[in-house]
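Working notes for the structure below.
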Amino acid sequence: MLADRNSIMQEKSHSHLGVTRRSFLDQTAGTLGAAAVALTSASVHQSQAAEDNPAKVRVAVMGVNDRGRSLVKRFLAFPQVEVAYLCDPDAAVIPQVAQNVVEQSGKSPKVVKDFRVALDDPSIDALVCAAPDHWHALATILACQAGKDVYVEKPASLTLAEGRLMVQAARRYQRVVQTGTQRRSAADFKAAVELVRSGRMGKVYMAHARQSKGRPDIGKQSVVAPPPSLDFDQWCGPAPNNGYKKNLVHYNWHWRWDYGSGDCGNLGVHALDVVRWVMDLEYPRTVSAGGGNFAFDDDMETPDTQSATFDFDNASVLWDNRMWAEATPANWITFYGTEGRLECGEFGWNLYRGDQVIESHAALTYTLADLAHVENFLECIATRQQPNADIEIGHRSAALAHLANIAYRTRSTLQFDQHTESIVGNAPANELLRRNYRTDFDGSQVLASNASP
């Protein structure tokens, strides 16, 4: 069980929001059993009541650059939602998003640098966390403790151990926590699940997920002073502050181990989540990975070329990524069955027997999948059911990305114990299941202003 709030929070009498490295890291993963998640739909009466009298849902959005900006639009597509706070340590990204809120809803949000100001507001129902990965766990846990429901972007966590802490917090405080793997709410992928489980492909023993994005070289930069608009120390939060670089904020943090998990955790987690769902997989027994930084000579720490193999009890899963290659969205995932193969991509999916397509399903657009996922979250806030991508699901899917990265970083084949969520017989790899937190980050310090832009 997650420790009581006071044992997790920083031991300072003036603070109820700070977290120390020791108190947070002492909450180790694996203390709970691997509980199955039952996705229960709301009753007809509950759904009808929600449609007729939708309760107002006031949300705070944390991180409004790129993904957060999109989520503001998605949430405001539902009339019962009010975006009451925009939270971001970079003042430069706020004005346009704030204007979007006004145009879409007619209301002006409060603007703060520190999302914990919004958590202290009892009128806030939910936190939407689109901040960088290094904030996901701490923000989710603090929000759960504050009595807020959470929509947290993928990957659920930056490390496997803190993902388990997020699950524990959601259960202890009885919060709805949705992970942003929106394909869990998409009709095309639900149909793929039904197809595979119907037996029309025979037995499915292998899946191959792959991606290429055509990303640019990010170059090499020296540490310089951050722009006046950015509170870089607040941006770093619990992660190390080793100095601002122009090629770090706002997107290229994905390629630095202190803040992101490479394209394996960034985009690969979408494919790995779908594979787990379609094939009804939980944790792998062994994981191996290879690759390197072959194409770019820049500040990127995570690999620009990577492949991973996951061996489960009854299936093998392959994943590979080429950051430098031309984007090829078709053939995103292939499932191989004894009586056919299923090709899934941005186009939807085709079921083949030999070279003949015997069944097809068109893709749901990215926007519609997003909206369906947000709608599911809002429904679950009302019904208190677990959402389509409940944090336990998000944690387990992110775990595959974390294990692939650990196998790559240690150049070793990992033996994973699903019961303890630990790596067996490999101390250096096992240590990478968790991370250190800044001891000099004063989590109790409220840096934000409530002034409108």
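The values are calculated or read from the model by the stated rules, or taken from the named source; none is laboratory data. Since we're looking at a predicted model, the values are computed, not measured. Using ideal geometry, Cβ is built from the backbone for each residue, glycine included, and neighbour counts are taken over all protein chains shown.
Inspection of the range 144-152 identifies at least one residue that is in contact with a helix residue (DSSP H, G or I) (Cβ under 6 Å, 6 or more places away or on another chain), assigned by TED's automatic domain parsing to the domain that holds M62 and within 30 Å of G348 (Cβ to Cβ). Please state which of the following conditions N321 fails to meet, knowing it meets all the rest: (1) modelled with pLDDT of 95 or more; (2) over 30 Å from V57 (Cβ atoms). (1) is the only condition that N321 fails. Summed over the range 265-296, residues that are closer than 24 Å to S198 by Cα and out of contact with any strand residue (DSSP E or B) (no Cβ under 7 Å at 6 or more places or on another chain) total 7.
The set of residues from the range 160-187 being surrounded by fewer than 18 Cβ atoms within 10 Å (Cβ to Cβ) and not basic (K, R) comprises Q174, A187. Exactly one residue among Q174, Q178 is in contact with a strand residue (DSSP E or B) (Cβ under 6 Å, 6 or more places away or on another chain) and either closer than 12 Å to D390 by Cα or outside the structural domain of G345 (by TED's automatic domain parsing) (or both), and that residue is Q178. Listed conditions (1) under 30 Å from A271 (Cβ atoms); (2) more than 21 Å from the chain's Cα centre (by Cα); (3) not in a loop (DSSP other than H, G, I, E, B) are all met by A92, apart from (1). Within the range 298-355, if we keep just the residues that are part of a strand (DSSP E or B) and acidic (D, E), the residue that is farthest from Q182 (Cα to Cα) turns out to be D311. Annotation: of all residues in the range 144-159 being hydrophobic (A, V, I, L, M, F, W, C) and surrounded by 24 or more Cβ atoms within 10 Å (Cβ to Cβ), the one that is farthest from L127 (Cα to Cα) is L158. Here is the figure for the range 400-447: residues that are at pLDDT 95 or above, among the β-branched types (V, I, T) and within 20 Å of L158 (Cα to Cα) total 4. A single entry from P216, P226 fulfils the requirement of being in a loop (DSSP other than H, G, I, E, B) and either modelled with pLDDT of 95 or more or outside the structural domain of E326 (by TED's automatic domain parsing) (or both): P226. Taking E343, is it under 21 Å from the mean Cα position of the chain (by Cα) and either basic (K, R) or assigned by TED's automatic domain parsing to the domain that holds T413 (or both)? Spelling it out, it is not the case that E343 is under 21 Å from the mean Cα position of the chain (by Cα) and either basic (K, R) or assigned by TED's automatic domain parsing to the domain that holds T413 (or both).
Looking across the range 176-208, the residues that are over 21 Å from the mean Cα position of the chain (by Cα), in a helix (DSSP H, G or I) and aliphatic (A, V, I, L, M) come down to A191, A192, V193, L195, V196.
Considered as a group, the residues in the range 95-112 that are under 27 Å from the mean Cα position of the chain (by Cα) and either outside the structural domain of V59 (by TED's automatic domain parsing) or among the hydrophobic types (A, V, I, L, M, F, W, C) (or both) include one that is surrounded by the fewest Cβ atoms within 10 Å (Cβ to Cβ), and that residue is A98.
Residues in the range 101-126 that are touching a helix residue (DSSP H, G or I) at 6+ places or on another chain (Cβ under 8 Å) and among the small types (G, A, S): S105, S108, A126.
The condition of being closer than 21 Å to L400 by Cβ, in contact (Cβ under 8 Å) with a residue 12 or more places away in the chain, in contact with a helix residue (DSSP H, G or I) (Cβ under 7 Å, 6 or more places away or on another chain) and not in a strand (DSSP E or B) holds for only one of G265, G291, that being G265. Under the condition of being of a type in the set (S, T, Y) and either under 19 Å from G262 (Cα atoms) or buried (at least 17 other Cβ atoms within 10 Å of the Cβ) (or both), the residues counted in the range 207-249 number 2. Put simply, of S212, S157, S198 the only residue that is more than 22 Å from A382 (Cβ to Cβ) and free of Cβ contacts under 8 Å to residues at least 40 places away in the same chain is S198. For the range 121-148, a residue qualifies if it is among the hydrophobic types (A, V, I, L, M, F, W, C) and within 11 Å of V59 (Cα to Cα), and the qualifying residues are I124, A126, L127, V128, C129.
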